[in-house]
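Participant: I have a structure I would like to understand better, so I am pasting it below and will then ask my questions one at a time.
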Protein chains: 4
Amino acid sequence: MLKALAMRLMQIGLDAYVVGETTTPSVEKGDLLIAASASGETSSVCMTVQSAKKQGADLVVISASSESTLGKIQTPDITISSATKFSTSDASIQPLGSLFEQMLLIVFDAAILEMSQEDKGSNDDMAKRHASLE
Amino acid sequence: MLKALAMRLMQIGLDAYVVGETTTPSVEKGDLLIAASASGETSSVCMTVQSAKKQGADLVVISASSESTLGKIQTPDITISSATKFSTSDASIQPLGSLFEQMLLIVFDAAILEMSQEDKGSNDDMAKRHASLE
Amino acid sequence: MLKALAMRLMQIGLDAYVVGETTTPSVEKGDLLIAASASGETSSVCMTVQSAKKQGADLVVISASSESTLGKIQTPDITISSATKFSTSDASIQPLGSLFEQMLLIVFDAAILEMSQEDKGSNDDMAKRHASLE
Amino acid sequence: MLKALAMRLMQIGLDAYVVGETTTPSVEKGDLLIAASASGETSSVCMTVQSAKKQGADLVVISASSESTLGKIQTPDITISSATKFSTSDASIQPLGSLFEQMLLIVFDAAILEMSQEDKGSNDDMAKRHASLE
């Protein structure tokens with residue numbers, strides 16, 4: 001879901017990168033890291049958030065749990081009620097983090113829609129930035 | 001979205017692979033290829049579907065458009081009404097294929113939920129198959 | 001090997017992207033596409049080169065075979081004598097494109113070394129651009 | 001380089017996966033994790049090795065440095081003399097871990113060559129397992 005967000009951010013004209021992809025540069029003060037983990041226990045996410053925090057990046061953390069390793073590093077900015085790989089939830093009969101991922105996508109797409117309207121960016125502008133080798 | 005589906009398919013106990021990832025084996029008769037492109041013009045998707053068809057794989061094709069290069073190779077099994085990078089749609093004010101991707105995720109998660117209930121697979125079974133190095 | 005090259009190009013301070021990664025922008029006139037296929041028959045590579053050519057990008061093509069689908073689209077700029085998935089070679093007992101990949105890496109690293117010396121870039125400059133979230 | 005190794009391992013008929021790819025299953029006792037970091041300080045590699053060790057997996061660790069965070073978790077099985085992002089080396093004028101990566105590729109390809117000869121596997125057998133959608 002975060003990759004879908006990064007792609008849309010690039011398409012509305014912002015510099016966006018995905019942690020772990022080939023040409024992602026060094027994180028710096030002034031960068032914003034957006035991180036999500038339903039359980040808040042995904043160790044690569046915890047480690048990345050901790051490291052970005054030390055390096056002075058701004059953070060947005062999204063989780064289904066605030067009582068977690070991730071929650072202790074950084075209180076989640078957005079909490080989504082959902083099952084995780086460690087717990088079930090009354091919010092849905094769906095397994096694991098399915099509901100969490102659906103909500104992430106909707107939240108991100110809503111943010112992109114709002115941002116693209118502010119900028120008066122059109123479908124055409126975004127289509128021009130859409131990858132043309134695919 | 002197809003990666004999210006492949007991950008869940010693996011977690012309910014099926015052999016699933018993503019085209020283009022490192023250890024994805026050769027496609028064979030008896031394999032099922034699931035392909036999606038909102039516009040039906042994503043050339044890598046068209047090429048993959050055509051090649052898998054020649055190699056005798058079964059196909060499920062999902063698109064927002066049946067009048068497309070992809071639609072001519074294989075009539076879409078599921079058609080989702082959505083804007084694409086080439087056209088806008090009355091179905092939503094969202095840009096590009098956003099609605100298409102949201103619908104894909106919901107359709108896939110619904111299929112996974114039904115498949116996991118048939119197998120009487122539980123959240124616990126799926127959690128055990130969840131990647132433990134992440 | 002091309003990902004290793006893209007990473008080093010970024011580290012010596014150039015804008016570099018990998019086709020198919022999340023935030024890779026639209027290719028444009030003035031961009032340089034570097035493509036490699038031992039057999040010259042990898043269909044995604046052929047399609048990408050053809051599409052980039054139409055969109056006006058400059059091309060560097062590397063292959064073990066000039067009598068190939070890729071070779072017909074664009075005569076290889078660098079030819080490396082090696083076995084491929086379709087042919088064996090006297091050049092080495094190694095299977096498939098192993099020799100081709102080793103030679104690619106050496107050629108790319110030699111180019112990077114030369115480029116980094118011209119720019120008087122040091123190990124320190126490159127280390128600063130090295131991904132810091134990994 | 002580890003992805004190149006995983007691809008060849010799959011092609012000689014072994015079950016191989018890349019940590020972090022979509023359908024990589026849970027690691028288990030009996031699995032072998034192969035990890036490499038020139039500096040021995042890549043935090044995702046350190047974390048993965050530590051976690052796999054706890055989960056009972058066998059380990060092969062390759063590094064340019066034994067006096068490192070990674071070296072303290074697990075003494076490197078193979079040490080390659082090379083510069084890293086933190087240190088230069090007399091072994092080569094090449095920047096960062098370039099020499100390390102070249103040596104990794106050669107060591108892995110030599111291992112694959114030996115394994116494929118033991119199994120009397122031929123270029124043809126491997127070509128059949130080579131990804132056919134690419």
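Participant: Compute, for the range A:2-124, the length of the dipole vector about the Cα centre, with Cβ point charges of +1 (Lys, Arg) and -1 (Asp, Glu) only. Units Debye, rounded to 20. Mind dumping the intermediate values first?
Facilitator: Working: 8 positive and 15 negative charges, 77 e Å.
I would put it at about 380 debye.
Participant: Let me know the shape class of the range D:2-124, please: from the alpha-carbon gyration tensor, a ≥ b ≥ c as square roots of the eigenvalues, rounded when a/c is under 1.5, otherwise prolate if a/b is greater than b/c, or oblate. Let's see the in-between values first.
Facilitator: On the way: a/c = 2.15, a/b = 1.24, b/c = 1.74.
Note, shape of the range D:2-124 comes out oblate.
Participant: Let me ask something additional. Sorted by accessible area (1.4 Å probe), largest first, how do A:118, A:21 line up? If you can, show how the numbers build up before the last one.
Facilitator: Numbers: A:118 135, A:21 30 Å².
Solvent-accessible surface, decreasing: A:118, A:21.
Participant: Rounded, prolate or oblate for the range D:1-41? Axes are the square roots of the Cα gyration tensor eigenvalues, ordered a ≥ b ≥ c, and the cut-off for rounded is a/c under 1.5.
Facilitator: Values: a/c = 1.72, a/b = 1.27, b/c = 1.36.
It is oblate, given that a/c is not under 1.5 and a/b is not larger than b/c.
Participant: Over chain A, with a Gaussian network built from C-alpha contacts below 10 Å, which listed residue (A:124, A:15, A:31) shows the highest mean-square fluctuation?
Facilitator: Largest GNM mean-square fluctuation: A:124.
Participant: Which residue is it, in chain A, that holds its beta carbon closest to the axis of the A-onto-C rotation, and how many whole angstrom away?
Facilitator: A:21, 2
Participant: If the elastic network links every pair of Cα atoms under 10 Å, which of B:36, B:52, B:111 fluctuates the most in the Gaussian network model of chain B?
Facilitator: Fluctuation is largest for B:111.
Participant: Among all stretches of chain D without exposed trypsin sites (Lys or Arg not before Pro) (DSSP loop, at most 13 other Cβ atoms within 10 Å), which one is longest?
Facilitator: On the way: sites that count: D:29, D:120.
Longest stretch, sites excluded: D:30-119.
Participant: To continue, here is another question. Rounded to the nearest 20 debye, what is the charge dipole size of the protein assembly as shown about its Cα centre when +1 sits on each Lys and Arg Cβ and -1 on each Asp and Glu Cβ? Working shown, then result.
Facilitator: Working: 40 positive and 68 negative charges, 0 e Å.
Using only the charged Cβ atoms, the result is roughly 0 debye.
Participant: Separate question: Let me check against my output: what whole-number percent is the relative contact order of the range B:16-60, with C-alpha pairs under 8 Å and at least 6 apart?
Facilitator: Numbers: 40 pairs, mean separation 21.1, N = 45.
That works out to 47 percent.
Participant: Please determine, in degrees from 0 to 90 and to the nearest 10, the orientation of helix A:2-11 with respect to the longest principal axis defined by the Cα atoms of chain A, where the helix direction is its Cα long axis.
Facilitator: Tilt relative to chain A: about 20 degrees.
Participant: If you don't mind, another one. 222 nm [θ] for chain C, helices only, -39500 (n - 2.57) per DSSP H run of 4+, per residue, to 500? It would help to have the intermediate numbers written out before the result.
Facilitator: On the way: 5 runs with 55 residues, N = 134.
My calculation for chain C gives -12500 deg cm²/dmol from helical runs alone.
Participant: What are the distances, in nm and sorted shortest first, from the label point of residue A:56 to the label points of the same position in each other copy, with each label point placed 7 Å from Cα along the Cα-to-Cβ direction?
Facilitator: Computed spacing set for this position: 4.0, 4.7, 6.2 nm.
Participant: Roughly how big is the range B:75-133's charge dipole about its Cα centre, with Cβ charges of +1 (Lys, Arg) and -1 (Asp, Glu), in debye to the nearest 20?
Facilitator: Value, rounded to 20: 220 debye.
Participant: Here's another thing I want to ask about it. At a threshold of 8 angstrom on Cα-Cα distance, excluding pairs fewer than six apart, so keeping six or more, what relative contact order does chain B reach in percent?
Facilitator: 23
Participant: What are the distances, in nm and sorted shortest first, from the label point of residue C:67 to the label points of the same position in each other copy, with each label point placed 7 Å from Cα along the Cα-to-Cβ direction?
Facilitator: The projected label point of residue C:67 is separated from its counterparts by 4.6, 5.7, 7.2 nm.
Participant: Among B:57, B:47, B:106, which residue has its Cα furthest toward the positive end of the charge dipole of the range B:4-134, with +1 on Lys/Arg Cβ and -1 on Asp/Glu Cβ?
Facilitator: B:47
Participant: For A:2, A:133, write out the residues from largest to smallest accessible area, computed with a 1.4 angstrom probe and no ligands counted.
Facilitator: Numbers: A:2 60, A:133 20 Å².
Solvent-accessible surface, decreasing: A:2, A:133.
Participant: Here's a follow-up. With a 1.4 Å probe and every protein chain kept in, tell me what percent of the accessible surface of chain B is carbon plus sulfur. All intermediate terms of the calculation are to be shown ahead of the outcome.
Facilitator: Values: 3290 of 6480 Å².
Here carbon and sulfur together make up 51 percent of the probe-accessible area.
Participant: Shifting gears a bit: Rank A:99, A:14, A:59 by mean-square fluctuation in a GNM of chain A with C-alpha springs under 10 angstrom and give only the top-ranked residue.
Facilitator: A:14
Participant: Angle, helix D:98-118 long axis vs. longest principal axis of chain D, Cα atoms, 0 to 90°, nearest 10?
Facilitator: Compared with the principal axis, the helix lies near 30 degrees.
Participant: Give the residue from D:122, D:86, D:97 lying farthest towards the positive end of the charge dipole for the range D:84-134; charges sit on Cβ (+1 for Lys and Arg, -1 for Asp and Glu) and the dipole is referred to the Cα centre.
Facilitator: Sorting the options by dipole projection puts first D:86.
Participant: At 1.4 Å probe radius, can you tell me the per residue accessible area of chain C in Å²?
Facilitator: Ligands and nucleic acids excluded, the figure is 48 Å² per residue.
Participant: Tell me the distances, shortest first, between residue B:128 and the same position across the other copies, using label points 7 Å along Cα→Cβ, in nm to one decimal.
Facilitator: 3.4, 5.3, 5.5
Participant: Moving to a separate point now. With a ≥ b ≥ c the root eigenvalues of the C-alpha gyration tensor of the protein assembly as shown, is it rounded (a/c under 1.5), prolate (a/b larger than b/c) or oblate?
Facilitator: Numbers: a/c = 1.31, a/b = 1.15, b/c = 1.14.
Rounded, since a/c falls under 1.5.
Participant: I would also like to ask the following. Give me the Å³ per residue figure for the convex hull around the C-alpha atoms of the range A:59-101.
Facilitator: Values: hull volume 2.7 nm³, N = 43.
Once divided by residue count, the hull of the range A:59-101 is 63 Å³.
Participant: Using Cα pairs closer than 8 Å and at least 6 residues apart in sequence, work out the relative contact order for the range A:36-91, in percent. Mind showing how you got there, number by number?
Facilitator: On the way: 83 pairs, mean separation 19.8, N = 56.
RCO, the range A:36-91: 35 percent.
The values are calculated or read from the model by the stated rules, or taken from the named source; none is laboratory data. Small disclaimer: the values here were computed from a predicted structure and weren't measured. Here the Cβ is made from the backbone with ideal geometry for all residues, glycine too, and neighbour counts use every protein chain on show. Surface areas here come from the heavy atoms of the whole protein model, side chains and all, with no ligands, DNA or RNA. Shrake-Rupley method; radii C 1.70, N 1.55, O 1.52, S 1.80 Å.
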